[in-house]
Amino acid sequence: MTKVLVLYYSSYGHIETMAQAVAEGARSAGAQVNIKRVPETVPLEIAKASHFKLDQAAPVATIDELANYDAIVVGTGTRFGRMSSQMASFLDQAGGLWMRGALNGKVGGAFSASATQHGGQETTLFSIITNLLHFGMTIVGLPYSHQGQMSVDEIVGGAPYGATTVAGGDGSRRPTAIDLAGARHQGELVAKTAAKLFG
């Protein structure tokens, strides 16, 4: 059975929700899926004062376990058009995996969120994808087979590079049905691709 890791960082729960949808999609394609998060680097008192969502159920991942998966889908919110420092810090510790080519040929994908429609979602996806390509991974995005991202009837996330959602400036907007459908579709495609490569 294909093994997929959905690896995420989420301050306010938007990416946590998207991660669950990605995992649902991968499971629908027959994959064994784990959802894990990267460690928080913000001091606890600051995280509490900033109203971070601190009750997330996903266990914290370790670098060494990444090599145990056939596919890894990485999600994080946008920080000034790039991935969060928490995710960057975690991936920066993967030099040993890179040195021995432990992730070469595995399947990778990215998903993200930003406060606004034009708040850097695509550049954030590329900041994740760049890391995954350096690890030697084969990238699966979110093709236009997810027609929802074409909608102009409402604010929607999604890009050919990965699933996204728009959180709103105050973080009050939650992932929509279309956004979650995109995340599920990407998860399904990642799992199907990994199954073709490793099945």
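We did not get these values from a lab; they are worked out from the coordinates using the rules stated. Please read these numbers as outputs of a predicted model, since none were measured by experiment. Neighbour counts are summed over all protein chains in view; Cβ atoms, including those assigned to glycine, are modelled from backbone coordinates with ideal geometry.
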At q = 0.16, 0.21 Å⁻¹, base-10 log of I(q)/I(0) for the stretch 49-171 (Debye sum, equal scatterers on each alpha carbon)
-0.83, -1.24
Extension gain (nm, one decimal) between Phe80 and Val152, 0.36 nm per residue minus Cα-Cα
23.4 nm
Filter the trypsin sites (Lys or Arg not before Pro) in the stretch 52-107 down to the DSSP loop ones having no more than 15 other Cβ atoms within 10 Å, then list what survives.
Lys53, Arg100
Straight distance only, please: which aspartates and glutamates reach the Cα of Lys106 with their own Cα at less than 12 Å, same-chain residues fewer than 8 apart left out?
Asp70
Within the stretch 25-145, the percent of DSSP beta bridges that are antiparallel, given to the nearest 5, stands at 15 percent
Going by Cα centres, the stretch 82-119 and the stretch 134-199 are how many Å apart?
16 Å
Using a Gaussian network model of the chain with C-alpha springs under 10 Å, which one of Val60, Val166, Val22 is most mobile by mean-square fluctuation?
Val60
Considering only the stretch 76-199, what is the antiparallel percent among its DSSP beta bridges, to the nearest 5?
25 percent
Using a 10 Å cut-off around each Cβ, can you sort Phe90, Phe126, Phe80, Phe111 from fewest to most neighbouring Cβ atoms?
Phe80, Phe126, Phe90, Phe111
How much length, in nm to one decimal, is gained on full extension between Lys196 and Gln93, taken as 0.36 nm per residue of separation minus their Cα-Cα distance?
34.1 nm
